[in-house]
Amino acid sequence: MKPPATTWIAGPPGYVRAPALLLFLAFAGCHSIQFGPMIHDTNTEAAAPMRATLGLPTAASEANHFEAEAQPRDDAGPRLRSGLRTGSDEHQSSDQDELVWPGNAQGAEHRIDLATALRRAGADNPTIALAEEAVRARLAERMQARALLFPTLDIGTNLRLHRGNFLTSGGVVTDINIQSLYWGFGADVKGGGTLAVPGLRIVSHLADAVYAPQAAQQKVVQSRFDATATRYYLLMEVGVRYLALVEAQARRQAFLQSLRDVEEIDRITLLQAKLGLGRDADAKRARSEMLLLRAQAQSAEEAIGVAAAELARLLDWDPALPLRAADAVPPLLEMVNPDVSLPQLLDQAMAYHPEIVARSADVAYQEIRLRQERMRPFLPVVAVGFSAGEFGGSGPNTTSRLGSFHPRTDLDVVAVWSLQNLLVGNRAVQSVARSGLESAQIERARLLDRIRREVVEAQALVETRRQDMELARKRIETSQRAYTQDLTRAKNPPLGLPIEVLSSASQLAAARQDLIRAIIGYSQAQLQLHAALGNPPVAKGD
């Protein structure tokens, strides 16, 4: 008898189709597909609020999933995990072996959470250490500037012996013997002249003595806030790179979850093709989709290695040691109050951003330099020398021996006003200082524009990623329902074919990836906005 037109698939005669159908249902019933979580999390209690917020499976359902995965499976299970080494030769290639992920050996990985990564970067990063070393250099320069009017202390002695012709102050050349000895504060004294090297001496331009300490103080402020900005931005970069590592790990887990779904579809379609209940082309299509997911999972493993290497660079970590993120579920960071308006965010950034303070200090430094050069022609170079010691000797009117030692003091004060190149040189130096001031003001204005742009972009990115998360969550729910319904129909051959589940499985896999990207993108945007406002990234527990 000819089968009715509504028969679900053309195939063997009825006396063959009925046993085959019963056999297929028996195999299909033994391998019900498990709906596991999008991301495997070892800390299910901490991850439960996140999963509930995003509409993901709860901790209880996840525990059931793990229990089901841990249960021994029948003889078709090993064939499924090894690539279904049954059927025709074209489905038995060696590339169907179970994936073995490199770097996952027990004890080989080093897991780190966000708080630990931030602490390690703040303590050991060479970029931050270099910025802090610049602060110490500026502090030393400020100390040097403040000491310009501190005297220099010299202690010494000098012995003078003269034999032969001597030119007197009256222009007469005479043959005399002179000897003298001095010791005490200073040195190099000859006769009635002052000491060439005073015991206490001060030599400084008053313009430098007055303005150099003020300028050095502004340099200290600039370097400190530059170091602070460097620390904030580098910690933000560490947070972004850590989240990138979490994303790579979560994407791999999502690919593996989708791979398990498609492997089940591949098993069912292959079994149908062998029993004559389905087309061989459908089995090949399912196998192709499974191989694609395996390739994507391998690419995700590569992305994990790249993200781990970049994070290790920022943490000054040995790249030969595998580094993995402790967060199995992508963390949803909320660092900026969503109720704060954009103008308020901009005002906060203008008031608290350390780079703005640093550039303002640079402007103040250039202003001080300009005032210093304007006052330089009106302030003198001051030289003060004071010496005290014992001095004695002999000359033509005394016995030829060292004697008559008595205390001696000398005080010399000199003030010199200089007009460099008839004031032309002073004007040139003032022009250079004025140009430096204008350049600093332009640099600060450019910085203000950049910070405003960063705040606006980061705030817009936060809002966009929040919407992306909501859409991805809805896609997950819709795709999951569609996948469940299609799977139910496919397990009842008169109602549907297993190949029809493949489209829903692909949509569900894409929705999982989009949700991971949206969550990570939102958290990264939060970090960027928090840093753009002039705040340090702080992880929970710090």
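Observations
- Residue under evaluation ASN535, criteria (1) at pLDDT 85 or above; (2) in a helix (DSSP H, G or I); (3) not small (Gly, Ala, Ser), criterion not met: (2)
- Among residues of the stretch 106-141 being outside any helix (DSSP H, G or I) and of a type in the set (S, T, N, Q), the one that is nearest to VAL246 (Cα to Cα) is GLN106.
- Top-ranked residue in the stretch 412-434 [being assigned to a strand (DSSP E or B) and loosely packed, with under 11 Cβ neighbours inside 10 Å; ranked as farthest from the chain's Cα centre (by Cα)]: VAL413
- Annotation note: of ARG267, ARG260, the sole residue that is modelled with pLDDT under 85, over 24 Å from ASP468 (Cα atoms) and in the same structural domain as GLN513 (by TED's automatic domain parsing) is ARG267.
- Among the residues of the stretch 141-164, those that are over 20 Å from GLN214 (Cα atoms) and among the hydrophobic types (A, V, I, L, M, F, W, C) comprise LEU153, ILE155, LEU159, LEU161.
- Residue under evaluation VAL246, criteria (1) closer than 30 Å to PRO126 by Cβ; (2) surrounded by fewer than 24 Cβ atoms within 10 Å (Cβ to Cβ), criterion not met: (2)
- Being of a type outside the set (Phe, Trp, Tyr), in the same structural domain as ARG324 (by TED's automatic domain parsing), touching a residue at least 12 places away in the same chain (Cβ under 8 Å) and under 30 Å from ASN125 (Cβ atoms) is a property that GLN253 has.
- Among the residues of this structure, THR157 does not count as one that is hydroxyl-bearing (Ser, Thr, Tyr) and either outside any strand (DSSP E or B) or farther than 17 Å from THR409 by Cα (or both).
- Residues of the stretch 350-362 that are surrounded by fewer than 20 Cβ atoms within 10 Å (Cβ to Cβ) and touching a Leu at 6+ places or on another chain (Cβ under 8 Å): MET350, TYR352, ILE356.
- Just one of the listed residues (ALA445, ALA460) is closer than 30 Å to LEU333 by Cα and free of Cβ contacts under 8 Å to residues at least 12 places away in the same chain, namely ALA460.
- For the stretch 336-390, filtered to residues that are among the hydroxyl-bearing types (Ser, Thr, Tyr) and assigned to a helix (DSSP H, G or I), the residue that is farthest from PHE405 (Cα to Cα) is TYR352.
- Residues that are assigned to a helix (DSSP H, G or I), of a type in the set (A, V, I, L, M) and in contact (Cβ under 8 Å) with a residue 40 or more places away in the chain within the stretch 260-294 comprise VAL262, ILE265, ILE268, LEU270, LEU271, ALA273, LEU275, ALA283, ALA286, LEU291, LEU293, listed in sequence order.
- The set of residues from the stretch 475-508 being of a type in the set (Lys, Arg) and in contact (Cβ under 8 Å) with a residue 40 or more places away in the chain comprises ARG475, LYS491.
For every residue, the table says whether it meets (1) assigned by TED's automatic domain parsing to the domain that holds THR409; (2) touching a residue at least 24 places away in the same chain (Cβ under 8 Å); (3) over 30 Å from GLN430 (Cα atoms); (4) in a strand (DSSP E or B).
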site: PHE166; (1), (2), (3), (4): yes, no, yes, yes
site: SER169; (1), (2), (3), (4): yes, no, yes, no
site: ASN177; (1), (2), (3), (4): yes, yes, yes, yes
site: LEU181; (1), (2), (3), (4): yes, yes, yes, yes
site: LYS190; (1), (2), (3), (4): yes, yes, yes, no
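- Qualifying residue in the stretch 465-473 (condition: over 30 Å from ASP347 (Cβ atoms) and either crowded, with 18+ Cβ neighbours inside 10 Å or of a type in the set (Asp, Glu) (or both)): yes
For every residue, the table says whether it meets (1) out of contact with any strand residue (DSSP E or B) (no Cβ under 9 Å at 6 or more places or on another chain); (2) among the small types (Gly, Ala, Ser); (3) more than 21 Å from LEU271 (Cβ to Cβ).
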| site | (1), (2), (3) |
| --- | --- |
| SER479 | yes, yes, yes |
| LEU497 | yes, no, no |
| ALA505 | yes, yes, no |
| LEU508 | yes, no, yes |
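- Verdict on TYR483 being in a helix (DSSP H, G or I), in the same structural domain as ALA349 (by TED's automatic domain parsing), of a type in the set (Phe, Trp, Tyr) and within 24 Å of ALA121 (Cβ to Cβ): no
The values are calculated or read from the model by the stated rules, or taken from the named source; none is laboratory data. Values in this document were obtained by computation on a predicted structure and should not be read as measured data. So basically every Cβ, Gly included, is an ideal-geometry build from the backbone, and we count neighbours across all protein chains shown.
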